[in-house]
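I have placed the structure first, in the form of structure tokens, so that the comments after it can refer back to it.
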Protein chains: 2
Amino acid sequence: MLSRIGDKWSVLVIMLIRDRSRRFSELKRDIGGISQRMLTLTLRNLERDGLVTRTVTPSIPPRVDYELTALGHSLAEPVQALGSWAFAHMAQIDAAQARYDAGAAGTRAGDP
Amino acid sequence: MLSRIGDKWSVLVIMLIRDRSRRFSELKRDIGGISQRMLTLTLRNLERDGLVTRTVTPSIPPRVDYELTALGHSLAEPVQALGSWAFAHMAQIDAAQARYDAGAAGTRAGDP
DNA sequence: CAGAATCCCAACTGATACTG
DNA sequence: CAGTATCAGTTGGGATTCTG
């Protein structure tokens, strides 16, 4: 399961459909940077895990909506918490990385 | 940052050193299944992110302890929440997957 | 519009051997 | 003990093309 959470696309999808159902193309557009292949795979996996439902409307053109299940909603909470943490501490982490990288550059004292 | 959380090894390490600092070999043994290479890389990244401290004791044999920073501890909480969720809903997810896979096998009705 | 299939390169990872 | 270095195998993910 952690592998699914670890998948950044899954997290983004969950966040996006948390409030309302979304169409495939809508997700693709809103996420931006995801290939349709990855979006398809991500949604399949989430569906397989019982986290989202897939509703096909057989019209022309076809239409598919994705929505969180109850299970999906219960997951969305801790995921959201993690997201908030990441957002809140982004600056600290960037700073830490910069510090670390600076130190690693010249392992000897007064280098750069 | 999500990429770090997604890394299963990172999560395990964080969980393990949450209560007390641990030595390299201790982590390797307790995690089991991780190569020393991956453990090294994982710890490096966590250190770079400012989530763990690395304390070298230059004795013979050498000794290195890893410990969570304050930042690391603040991350451990939401991570723990997520872990709890995963554990609590493991059965539901397995069931959902089994159902999905069964359905996928024979897309036609009464197949298996 | 939504998705399946194919190709192909890059990144991650494990096993092994060597060092301070 | 705690790494680093190297090699080879597996996987991930993007771009492209084709359908109902």
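With the checklist (1) of a type in the set (Val, Ile, Thr); (2) surrounded by 17 or more Cβ atoms within 10 Å (Cβ to Cβ); (3) away from every other protein chain (no Cβ under 14 Å) in hand, flag the one item residue B:60 doesn't pass.
Tallying (1) of a type in the set (Val, Ile, Thr); (2) surrounded by 17 or more Cβ atoms within 10 Å (Cβ to Cβ); (3) away from every other protein chain (no Cβ under 14 Å), residue B:60 fails exactly one: (2).
Considering (1) touching a helix residue (DSSP H, G or I) at 6+ places or on another chain (Cβ under 9 Å); (2) at pLDDT below 95; (3) of a type in the set (A, V, I, L, M, F, W, C), say which one residue A:87 fails and leave the rest.
Residue A:87 satisfies every listed condition except (1).
Being within 13 Å of DNA strand C (Cβ to nearest atom) and of a type in the set (Ser, Thr, Tyr) narrows it down to one residue among B:74, B:10, B:21; which is it?
Numbers: B:74 fails: within 13 Å of DNA strand C (Cβ to nearest atom); B:21 fails: within 13 Å of DNA strand C (Cβ to nearest atom).
Checking each option against the conditions leaves just B:10.
Tell me which residues, restricted to the stretch A:13-35, are of a type in the set (S, T, N, Q) and in contact (Cβ under 8 Å) with a residue 12 or more places away in the chain. Before the answer, list the steps.
The initial filter retains those residues of the stretch A:13-35 that are of a type in the set (S, T, N, Q), namely A:21, A:25, A:35.
If the condition is that a residue be of a type in the set (S, T, N, Q) and in contact (Cβ under 8 Å) with a residue 12 or more places away in the chain, then A:21 is the only one that fits.
Could you run through the stretch A:12-33 and say how many residues are within 12 Å of DNA strand D (Cβ to nearest atom) and either surrounded by fewer than 17 Cβ atoms within 10 Å (Cβ to Cβ) or modelled with pLDDT under 95 (or both)?
At the first step, the residues of the stretch A:12-33 found to be within 12 Å of DNA strand D (Cβ to nearest atom) are A:12, A:24-25, A:28, A:31-33.
Okay, now just the ones that are also either surrounded by fewer than 17 Cβ atoms within 10 Å (Cβ to Cβ) or modelled with pLDDT under 95 (or both), so A:12, A:25, A:31-33.
Of the residues in that region, 5 qualify.
Any residue at all in the stretch A:65-73 that's within 16 Å of the chain's Cα centre (by Cα), surrounded by 14 or more Cβ atoms within 10 Å (Cβ to Cβ) and of a type in the set (Asp, Glu)?
Yes.
Taking the criterion of being over 21 Å from residue B:97 (Cα atoms), buried (at least 19 other Cβ atoms within 10 Å of the Cβ) and away from DNA strand D (no atom under 11 Å from the Cβ), would at least one residue in the stretch A:36-55 satisfy it?
No.
Does the stretch B:4-12 include one or more residues that are without any contact (Cβ under 8 Å) to a residue 60 or more places away in the chain, of a type outside the set (S, T, N, Q), over 21 Å from residue A:101 (Cβ atoms) and more than 14 Å from chain A (Cβ to nearest Cβ)? Working first, answer last.
Residues of the stretch B:4-12 that are without any contact (Cβ under 8 Å) to a residue 60 or more places away in the chain, as a first pass: B:4, B:6-10, B:12.
Within this subset, residues satisfying the condition of being of a type outside the set (S, T, N, Q) are B:4, B:6-9, B:12.
Remaining after also requiring over 21 Å from residue A:101 (Cβ atoms): B:6, B:8-9, B:12.
In the following step, the residues that additionally are more than 14 Å from chain A (Cβ to nearest Cβ) were identified as none.
No: zero hits.
Can you name the residue in the stretch B:35-64 that is under 18 Å from the mean Cα position of the chain (by Cα) and under 13 Å from residue B:25 (Cβ atoms) and is also nearest to DNA strand C (Cβ to nearest atom) among such residues?
B:36
Select, from B:20, B:44, the only residue that is basic (Lys, Arg), within 13 Å of another protein chain (Cβ to nearest Cβ) and more than 23 Å from residue A:80 (Cα to Cα). Quick ask: steps written out before the conclusion?
Values: B:20 fails: within 13 Å of another protein chain (Cβ to nearest Cβ).
Exactly one of B:20, B:44 is basic (Lys, Arg), within 13 Å of another protein chain (Cβ to nearest Cβ) and more than 23 Å from residue A:80 (Cα to Cα), namely B:44.
The values are calculated or read from the model by the stated rules, or taken from the named source; none is laboratory data. Computed from a predicted model, the values in this text were never measured in an experiment. Neighbour counts are summed over all protein chains in view; Cβ atoms, including those assigned to glycine, are modelled from backbone coordinates with ideal geometry.
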